[in-house]
Each structure stands twice: as structure tokens, then as C-alpha cells.
Amino acid sequence: MNKILSLICASAVLLLPLTGCGGNGSGGNGEVIVYNWGEYLDPETLEMFEEETGIQVVYDEFETNEIMYPKVEAGAAEYDVICPSDYMIQKLLENDLLAELDFNNIPNAKANIGSQYWEQSKEFDPENKYSVPYCWGTVGILYNKTMVDGPIDSWSVLWDETYADNILMQDSVRDAFMVALKWNGYSMNSTDAAELETAKNALIEQKPLVQAYVVDQVRDKMIGNEAAIGVIYSGEAIYTQRENPDLEYVIPKEGTNVWIDSWVITKNAPNKENAEKFIDFMCRPDIALMNFEYITYSTPNDAARELIEEDDIRNSSIAFPDLSQYSGLETFRYLGEDADQLYNDLWKEVKSQ
């Protein structure tokens, strides 16, 4: 899910209509049509790519994986490069919507992306043939040290009546159920009806304590001391700590989601070679560093990480945690249409209470 859900387009990027786009674009070497999360790269990198390659970037943005998927499936807009999350890449693959990558055209990927991220990607792209890691992170608890009693290390605090009306939850079915499932000792990819019913009841029990179900708004509320505790993505936690030093981020002891967003190319991409050039450019260390500094989400690009000048960021336990120190870590998987419907139905019950 992008973790920064903004539809504000950088002034340097022109969002062009995507019907009828093809390899004969106005760029001297054609074009590449990119579909990415809002505010999920430094717009200056697009300008640099165009200047260096002569390839025109046609750029469009989406808010969620679930908004992106049907547009790609329908093929109404002929996107070349998209940036889905792990479980959605699995769904795209299962429905034969992705093209196998020619890594001879993407040498920066194998040279610069850390081996651990390729290994993690095998959970949704078993042979690493279809995706290149772009950003990664964890989901955890952000809390205000001046507003809570002692350090926090467990999802259980989200059910503590002491913090009634001071808790922010993610307005996302999978993220919300992940919290409840992990708190109850279950897998966040559970399809067991009894386990999901337990998680649903836990969320209903918690609901009177929740100030708001939010997405990116958790950042502003926590920075402004409007809540004591919030469920947040690690990249946003880095930003909030810069703005409010009283904020602390923790990965709960019961475990959490470790996610990856990756570049992929659609099976019907009209500009596949240009798409591979685009991905390769984004894997260049200096470009990956620019994007990391712009969006603050962790980069899997080890060469870019070495270029980070600030020791506290390069060695940040939030941006680059030692995952071997935690238990219960998982990556979301696509669970199938029936499970998706079950989750959505249970979430509607929670929200309707």
C-alpha cells in the first residue's frame, strides 16, 4: 500500500492522458508510461532520466493497490512500469499480467540491491524473474513518550483503556486485521474462519478506544500531539521523528508485516525496453539515494545506503532494522478471491459497529 497517499503531483511532472499511448511518443527515443504511488519518488529523478536518455516519462499515480489492479487488469491504459506491493505482485503474476524482466538491461538491479531483499521477494516472485525491489519497511507502533506510561513493546497497548480516544488505527482491512491477528498469536495471512472471527471481535472490542481510522493522517496527528499512539509505516515514522523528537517507533514483540514495493513491467507494456531502462536508472545508487531522501522509505539499494552521509540515518534501527532480532515477521500474501471477500465482509462488520 503506498504509505504516502497523496494525489498532489509535483509541478515538474506532467500527468498526460494515458489512452492511445505507445512507442511513438514525442520523446526522441520514445516514452515510458509509469504508474506509481502518490509522492513516491523525487520528481527531479524523472527530469534527470528524460535528459539522460531522451525518453519521455508519462507519469500517473494511484492511492492503493486495490485501485491500481483493476486498471492494469482491464488494460484500458497501457502502462509500462508499475510499483505494486508484495501481495499484489503475487496476484498480478497469478493472473498472467506481468512480463518477465531481461536483467541484461537492468544491471544496476543485481549489482546494487541487497541479497536479503531478493530473498524476501521470493515469497511473491519465487524465481525473482518479474520484480525489482524499490522500497521496503515494517509496520509498527508510533508513540509519544510524554503521553504514555513507560516504553511500549506490544500490540496489546492498542486495547489499553488508559489510552481511550488517543489511539490511531490504520484504515486498511489487511493492516487492521494484521494487528489483531498478531496480537492473538496468529499469522497475518490466516484464512482460518475461527481465527479471523477472533480478530474481528478484537477489533470490535477495540473500536470504542480508537480516536480515528486513518492512513497518512497519522503523521500529522502524531506530530501535533493529537494522539498518544498510532499504527504507522516505518518510513512515515522516520519523518515524524524529525518533526517531533518525543515520538518513538517500535516493532511489537508479537511480530508484524515486513513489506516490499517493487518495480514490475506489465505483460502488454508498449515500451518494454524503455521500461527496463527506467528501472535500471532507478536502481542507480545516486538516484536511489535521492528517492530515499525524498520519501524517507527504506531503500533496498545497499550501494545507495552507503552514500547516506548522516550516521544516525544510515544506521537507523527504524530505516534499516536488524530483522534477525525480531520474531513473528511476515510478508503479506495474496490469499485468493474467497479470502479477500471474507476479510472485506468482516471489516465491514467492524466498521459498522
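Read through the list (1) closer than 30 Å to M48 by Cβ; (2) part of a helix (DSSP H, G or I), then give the number of the only condition that D261 fails.
Single failed check for D261: (2).
Among the residues of segment 94-124, what is the count of those that are assigned to a helix (DSSP H, G or I), aliphatic (A, V, I, L, M) and either surrounded by fewer than 17 Cβ atoms within 10 Å (Cβ to Cβ) or under 18 Å from the mean Cα position of the chain (by Cα) (or both)?
Counting residues in segment 94-124 that are assigned to a helix (DSSP H, G or I), aliphatic (A, V, I, L, M) and either surrounded by fewer than 17 Cβ atoms within 10 Å (Cβ to Cβ) or under 18 Å from the mean Cα position of the chain (by Cα) (or both) gives 1.
Taking the conditions exactly as written (surrounded by 17 or more Cβ atoms within 10 Å (Cβ to Cβ) and at pLDDT below 95), does N65 satisfy them or not?
yes
Table: residues versus (1) in a loop (DSSP other than H, G, I, E, B); (2) farther than 21 Å from D246 by Cα.
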residue	(1), (2)
V157	no, no
L181	no, yes
G185	yes, yes
I204	no, yes
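Quick one: which of Y79, Y59, Y87 is of a type outside the set (V, I, T) and assigned to a strand (DSSP E or B)?
Checking each option against the conditions leaves just Y59.
If the requirement is being among the hydroxyl-bearing types (S, T, Y) and either open to solvent by 50 Å² or more (accessible area, probe 1.4 Å) or at pLDDT below 95 (or both), which of these qualifies: Y239, Y249?
Only one candidate qualifies: Y239.
Please go through segment 168-188 and give me each residue that is polar (S, T, N, Q) and either in contact with a strand residue (DSSP E or B) (Cβ under 7 Å, 6 or more places away or on another chain) or open to solvent by 40 Å² or more (accessible area, probe 1.4 Å) (or both), ordered by number. Steps first, please.
At the first step, the residues of segment 168-188 found to be polar (S, T, N, Q) are 170, 172, 184, 187.
Within segment 168-188, Q170, N184, S187 meet the criteria.
Filter segment 125-144 for residues that are farther than 28 Å from N244 by Cβ and outside any loop (DSSP other than H, G, I, E, B); which is farthest from the chain's Cα centre (by Cα)?
That would be V132.
Can you confirm whether M147 is modelled with pLDDT of 95 or more and not in a loop (DSSP other than H, G, I, E, B)?
no
Within segment 301-353, take every residue that is part of a loop (DSSP other than H, G, I, E, B) and of a type in the set (S, T, N, Q) and give me the one that is most open to solvent (accessible area, probe 1.4 Å). Full working, then the answer.
The initial filter retains those residues of segment 301-353 that are part of a loop (DSSP other than H, G, I, E, B), namely 307-310, 315-322, 326-329, 331-336, 353.
Cutting the leftovers down to of a type in the set (S, T, N, Q) gives us 315-317, 327, 331, 353.
On the way: N315: 101, S316: 17, S317: 86, S327: 74, T331: 5, Q353: 130 Å².
Residue satisfying both the conditions and the ranking: Q353.
Take the conditions on the phi > 0 side of the Ramachandran plot and in contact (Cβ under 8 Å) with a residue 24 or more places away in the chain and apply them to G235. Does it pass?
It is false that G235 is on the phi > 0 side of the Ramachandran plot and in contact (Cβ under 8 Å) with a residue 24 or more places away in the chain.
Looking at (1) out of contact with any strand residue (DSSP E or B) (no Cβ under 6 Å at 6 or more places or on another chain); (2) open to solvent by 20 Å² or more (accessible area, probe 1.4 Å), which one does Y130 not meet, given that it meets all the others?
Evaluating Y130 over (1) out of contact with any strand residue (DSSP E or B) (no Cβ under 6 Å at 6 or more places or on another chain); (2) open to solvent by 20 Å² or more (accessible area, probe 1.4 Å) leaves (1) as the failure.
Yes or no: N268 over 30 Å from T146 (Cα atoms), of a type in the set (S, T, N, Q) and open to solvent by 10 Å² or more (accessible area, probe 1.4 Å)?
yes
Checking the conditions here, which among Y186, Y163, Y143 is free of Cβ contacts under 8 Å to residues at least 60 places away in the same chain, among the hydroxyl-bearing types (S, T, Y) and within 20 Å of P252 (Cα to Cα)?
Criteria check complete, one pass: Y186.
Pairs, please: C-beta under 6 Å, at least 6 apart or cross-chain, first residue free of Cβ contacts under 8 Å to residues at least 40 places away in the same chain and in segment 250-271, second surrounded by fewer than 21 Cβ atoms within 10 Å (Cβ to Cβ)?
Pairs found: none.
Whether any residue in segment 283-298 is assigned to a strand (DSSP E or B) and over 29 Å from D220 (Cβ atoms) is what I want to check.
Taking segment 283-298 and keeping what is assigned to a strand (DSSP E or B), we get 298.
Then drop every residue that is not over 29 Å from D220 (Cβ atoms), which leaves none.
Taking every residue of segment 283-298 in turn, none turns out to be assigned to a strand (DSSP E or B) and over 29 Å from D220 (Cβ atoms).
Assuming S131 fulfils every condition listed in (1) over 21 Å from E94 (Cβ atoms); (2) touching an Asp or Glu at 6+ places or on another chain (Cβ under 6 Å) apart from one, which condition is it?
Going through the list (1) over 21 Å from E94 (Cβ atoms); (2) touching an Asp or Glu at 6+ places or on another chain (Cβ under 6 Å), S131 breaks only (1).
The values are calculated or read from the model by the stated rules, or taken from the named source; none is laboratory data. Since we're looking at a predicted model, the values are computed, not measured. Neighbour counts are summed over all protein chains in view; Cβ atoms, including those assigned to glycine, are modelled from backbone coordinates with ideal geometry. Protein only, heavy atoms only, side chains kept; ligands, DNA and RNA dropped before computing areas. Shrake-Rupley method; radii C 1.70, N 1.55, O 1.52, S 1.80 Å.
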